[in-house]
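Note sheet for the following structure.
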């Protein structure tokens, strides 16, 4: 499948592979030395500057003895070269080049890149969706930090914050008035210029780390593994604390207060106050600011945390008082998390400051 000057490898189609021919491997190496990967829709492509295909084929033909009759023959290579010259570029859909490249790339590229990119590319979004394909480190149950969390419960009383530190939700009448704001956001969310926000809402619903990592400068080339692990741990422990307060206050979701609201994404089964996404997001920002106050991206991380929290309002899942309560709870818990995560904070500082 060749489009313009890109050789596209369809990740969903199986192709026959040639034998372990050294010339074929040299062909692939020559092309890739002057090529780069390009992803569009559900295609992974190898894009080349003009002339590289023909140069590679000339080299490959020169390496084949005249009497060579392998599965990739000298005549095949000459034919493909002549076709490429005649068309000013590659025109070899299922021929030599496609198969040689597929042979080299299939196991590593198809099974790693396609696995990580397919979910985000399938959404059809650009920009932010591509970021969601980044393969951030994941964690198992953080037993050490979980033990520390419950070990300091009586000292920090994180399970029993009360007013004025952690106030209860506003009266139902006030919360109902807050839903009027959500109706306006609901209407605006459908507009074309908010396609980017719609995609963010879908991605952030999965607790994807991209919104927190990119403001710090972490990307696919420098994924900041220690930071990602710490953020995953915060999400894990924060969820437990947030659910405890949700159960205590048992505040109804906005669409239960006003059935005319139409949430943009499925509504979680647990109650509304405080917003767990707001709590976890601000907790990540608070802890990182304490861990690496020297980092220039700390302020941007706060901004991103607020955007994640506000997007839950755009989605119709929370009113503003839910968001504010999540931010309040994050500030109450941040000093305790600084102690619980002291080992991880040491690794994070070393990662950014090379201490």
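Any read-out appearing in this document is the output of simple, stated calculations on the displayed coordinates, not a laboratory observation. Keep in mind it's a predicted model, so treat the numbers as computed, not measured. No Cβ is skipped: glycine too gets one built from the backbone with ideal geometry, and neighbour counts run over all protein chains shown.
The range 294-333 and the range 203-246 have Cα centres separated by 13 Å. Counting every other Cβ atom within 10 Å of each residue's Cβ, 152, 333 order from fewest to most as 152, 333. The coefficient of translational diffusion for the range 136-353, derived via Stokes-Einstein from the alpha carbon Kirkwood radius under 4 °C and 1.567 mPa s, stands at 73 µm²/s.
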